[in-house]
Amino acid sequence: MEDLGVYMSVRSAPIDEYRERLVARREAVKADASQHRTLAGLRLFTGLVVCVVVWLAARQYPVSLWLSLAPVVVFVGLALYHGKVLRRARLGARSVEFYENGLARIEGPWTTNDPPEIAAINLTHLYAPGLDIFGKDSLFGLLSTARTRAGEAKLAGWLSHPASREDILDRQQSVEELRNKVDLREDIAILGRDVRAALHPERMTEWGQSPVL
């Protein structure tokens, strides 16, 4: 029974950590949304002030230089800060999704669809269809947190071919090193989408193999 208690405490630790972080990230997103609405209202008001100043200047009313520049400077400052808030909110939403997906993998139910280039493996592989390794709600979908095409291809290769004992031990060591680095895994998850959109492994391979001119 003691061993069972230890096992249950170890099993519950990731769930508790993910739940706490999910609550915190949701609160941060809510705060950013409130700040976004406030800044949007201030930008609108400042923009109207700028329009009034321009109208007065066009009507040749005496308007001081400082009075003309002040609302413009405030508007630009608000726009720059608003952009930072919007980016923070966007990344915060990705963090929420990261922990929601993590809890879904631990607790269930969860549902996934493979990327098209990975799903195509299911059509020709010897044992993948029978073992649900690829496809909807597959083993690949459960395990994959990759954020690049190269990472997805690497995991698909691991699941498609047997590994030596040395390779398995090396992978287990890597998992052990990353297991408690939740902040790092969160950063990779939220920033990986930008990398995925910009990085194309096929083009990088072609460039690397092209002759030097």
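The values are calculated or read from the model by the stated rules, or taken from the named source; none is laboratory data. Source: prediction; values computed, not measured. So basically every Cβ, Gly included, is an ideal-geometry build from the backbone, and we count neighbours across all protein chains shown. Note: areas computed on protein heavy atoms with side chains; ligands, DNA, RNA excluded. Shrake-Rupley method; radii C 1.70, N 1.55, O 1.52, S 1.80 Å.
Numbers below:
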read-out: Pair list, Cβ under 6 Å, 6 or more apart: region 5-26 residue closer than 13 Å to Arg105 by Cα, other residue among the small types (Gly, Ala, Ser) and at pLDDT below 90; value: Tyr18/Gly102
read-out: All positions within region 104-134 that are open to solvent by 40 Å² or more (accessible area, probe 1.4 Å), among the aliphatic types (A, V, I, L, M) and at pLDDT 70 or above; value: Ile106, Leu126, Leu131
read-out: Close pairs from region 35-58: first under 17 Å from Val76 (Cβ atoms), partner open to solvent by 60 Å² or more (accessible area, probe 1.4 Å) and part of a helix (DSSP H, G or I), Cβ under 7 Å, at least 6 apart; value: Leu39/Tyr81; Arg43/Phe75; Thr46/Val74; Thr46/Phe75; Gly47/Phe75; Val50/Val72; Val50/Phe75; Val53/Leu67
read-out: Residue among Gly41, Gly92 that is surrounded by 15 or more Cβ atoms within 10 Å (Cβ to Cβ), of a type in the set (Gly, Ala, Ser) and assigned to a helix (DSSP H, G or I); value: Gly92
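Yes/no matrix, rows are residues, columns are (1) touching a helix residue (DSSP H, G or I) at 6+ places or on another chain (Cβ under 8 Å); (2) farther than 30 Å from Arg21 by Cβ; (3) among the hydroxyl-bearing types (Ser, Thr, Tyr); (4) at pLDDT 85 or above:
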| position | (1), (2), (3), (4) |
| --- | --- |
| Asp137 | no, no, no, no |
| Ala146 | yes, no, no, no |
| Asp170 | no, no, no, yes |
| Glu176 | no, no, no, yes |
